[in-house]
Amino acid sequence: MDMEKLTPRRPYLMRAFYDWLVDNDLTPHLVADATLPGVKVPMEFVSDGQIVLNIAPRAVGNLELGNEAVSFNARFSGRPHSVIVPLYAAVAIYARENGAGTMFEPEPAYAGDMAAFDEHDEAEHDSSVEQKEEALTPVSALVEVSDGGEPDDEPPRPRGRPSLRVVK
């Protein structure tokens with residue numbers, strides 16, 4: 001059978017390596033190319049166009065290792081984010097503890113996905129720019145808000161003696 005007609009191997013390998021790492025009490029990390037279209041990650045954590053994501057069960061919520069994308073909810077610096085990594089953007093999955101895992105090779109099945117997404121993304125971007133221009137209205141006046149008190153730079157001074165006791 002022709003290799004180009006087969007479904008991509010990446011989703012199956014991703015799920016297999018994820019299960020193997022978790023079964024062996026290792027921490028699975030996913031490396032993704034954040035520069036590709038369709039990747040939704042917090043950009044402040046991207047380094048050299050890539051991001052390393054801890055996808056351990058205790059670190060993420062609603063993890064879905066689908067045939068098209070890896071999606072989950074996680075906190076980055078205490079802020080919740082919804083993360084979506086299309087499988088064509090997945091570079092590798094490995095264990096944080098010892099580096100066991102695999103890098104994914106390019107697959108012809110994903111070349112068409114990326115091209116189709118580029119065309120859809122450009123059309124969506126053009127329509128969203130028009131909508132944003134219509135939604136913006138000028139600010140006619142500035143409103144000053146004052147609480148009338150001193151700035152809260154210093155915490156209140158403690159009064160009286162300390163209330164801690166030594167317990168033996």
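Kindly provide the set of residues from the range 44-56 that are surrounded by 14 or more Cβ atoms within 10 Å (Cβ to Cβ) and assigned to a strand (DSSP E or B), ordered by number.
Those that are surrounded by 14 or more Cβ atoms within 10 Å (Cβ to Cβ) and assigned to a strand (DSSP E or B): Q50, I51, V52, L53.
Got at least one residue in the range 34-43 being of a type in the set (K, R) and either modelled with pLDDT under 95 or not in a strand (DSSP E or B) (or both)? No, that holds for no residue. For the range 68-119, the set of residues classified as surrounded by 12 or more Cβ atoms within 10 Å (Cβ to Cβ), modelled with pLDDT under 90 and of a type in the set (D, E) consists of E107, D113, D118, listed by residue number. Quick check: is even one residue across the range 128-135 at pLDDT 95 or above and either closer than 20 Å to L13 by Cβ or over 14 Å from the mean Cα position of the chain (by Cα) (or both)? Looking through the range 128-135, none of the residues is at pLDDT 95 or above and either closer than 20 Å to L13 by Cβ or over 14 Å from the mean Cα position of the chain (by Cα) (or both).
The residue that is farthest from the chain's Cα centre (by Cα), counting only those in the range 57-67 that are surrounded by 15 or more Cβ atoms within 10 Å (Cβ to Cβ) and either in a loop (DSSP other than H, G, I, E, B) or not hydrophobic (A, V, I, L, M, F, W, C) (or both), is A59.
The values are calculated or read from the model by the stated rules, or taken from the named source; none is laboratory data. Owing to the predicted nature of the structure, the values given are computational and were not obtained by experimental measurement. Cβ atoms come from the backbone with ideal geometry, glycine included; neighbour counts cover every protein chain shown.
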